[in-house]
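Notes follow once the structure below has been shown.
Since every read-out is calculated from the coordinates, none of them should be taken as a lab result. Note that the structure is a prediction, hence the values are computed from the model and not measured. Ideal geometry is used to build each Cβ from the backbone, glycine not excepted, and the neighbour counts take in all protein chains shown.
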Amino acid sequence: MLDIVQIAVMSDNYIYLLHDHATGLTAVVDPAVEAPVVDELMSRGWQLDFILNTHHHGDHVGANMALKAKYGCTIVGPKADERRIPGIDIALSDGETFTFGDHIADVYDVPGHTLGHCAYHFKTASALFCGDALFALGCGRMFEGNPAQMLNSLDKMAALPADTRIYCAHEYTLSNGKFALSIDPDNQALIKRMETITALRNAGTATVPSLMGDELATNPFLRTNDPILAANIGLNGADRVVIFAKTRSLKDTFRG
Ligand code: ZN
Ligand code: FE
């Protein structure tokens, strides 16, 4: 069994602890800050064996060196950006795997938000750790990549099973959903999902992880092949890359 512990830090970041029962191994995904991770490890009596980084941004690698100094853990990250991942020991490329006790994660390169960005898919746990590549009802801002690259990254993740839980790194769901509704107002699945999300946020509850099946039905960045959505942004029949690029730029300037 793979235990997954979600730690909410700073204004909207999520850090995840993974714990493999069989071997007692523990990993942390994208440790933005040190203290909440150490507290959580201590309260559970766990050591730290691995850090898994998705990309180089400070709110994902911020505690790498402090945690490595404290626990002597091994740092794993994207080969494509190894020079920007502090303390990296194991650099992985698309199609490689990371073995974590009884679990094997498939590693996907998912560039676009940054040029080196990977996602870890633990198939047997139906869990995807995707950093800032894919969000609930959204996707990362395209800081370093181009639309074709980012769409290709999203396609890779969208091809995973519908019951895959998406452990993204930020709680952006509500504002993402407001944008989604602005360009897909008649999507009944989206309308229903937003009711659930609004209630969860009002109760101070996380909306992450989400399910890939729900993302396919409601996330506009995974729906570039939907003719209604394309028509709604004035791109009926256009190339998917063009539709994605327009959707991304509309989101960048959206004021909900
Ligand atoms: Zn980022
Ligand atoms: Fe981030």
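Brief remarks on what is shown
- Cut-off 11 Å between beta-carbons: net charge of the residues surrounding L211, Lys and Arg +1, Asp and Glu -1: -1
- For the stretch 160-221 versus the stretch 41-73, the gap between their alpha-carbon centres in whole angstrom: 28 Å
- In the stretch 152-256, the chymotrypsin sites (Phe, Trp or Tyr not before Pro) that fall in loop regions by DSSP, at most 14 other Cβ within 10 Å: F254
- Toward the positive end of the charge dipole of the stretch 1-115, with +1 on the Cβ of Lys and Arg and -1 on the Cβ of Asp and Glu, the farthest Cα among F98, T114, Q47 is that of Q47.
- Among the trypsin sites (Lys or Arg not before Pro) in the stretch 207-256, those placed in a DSSP loop whose Cβ has at most 12 other Cβ atoms within 10 Å are R255.
- Ranking of L190, L174 by neighbouring Cβ atoms within 10 Å, starting from the fewest: L174, L190.
- ³J(HN,Hα) computed for each position of the stretch 46-61 - Karplus, 6.51 cos²θ - 1.76 cosθ + 1.60, integer Hz, glycine/proline x: 9, 8, 10, 9, 9, 10, 10, 9, 8, 6, 7, 4, x, 7, 10, 10
- Compactness of the stretch 2-252 - radius of gyration and Dmax, Cα, Å: 17.8, 56
- Residues M65, M142 in ascending order of nearby Cβ atoms (within 10 Å, fewest first): M65, M142.
- Distant alpha-carbon pairs in the stretch 122-234 (separation over 17 angstrom), percent: 53 percent
- Among A69, A206, A136, the largest mean-square fluctuation in a Gaussian network model of the chain (Cα springs under 10 Å) belongs to A69.
- Taking all C-alpha pairs of the stretch 55-199, those more than 26 Å from each other amount to 28 percent.
- With K and R counted +1 and D and E -1, the other residues having a Cβ less than 15 Å from that of T124 yield a net charge of -3.
- DSSP bridge orientation in the chain - percent antiparallel, rounded to nearest 5: 70 percent
- Electrostatic dipole magnitude of the chain [Cβ: Lys, Arg +1; Asp, Glu -1; Cα centre; debye, to 20]: 580 debye
- Local net charge near W46, Cβ-Cβ under 12 Å (Lys/Arg +1, Asp/Glu -1): -4
- C-alpha center-to-center spacing [the stretch 1-26, the stretch 85-114] in angstrom: 17 Å
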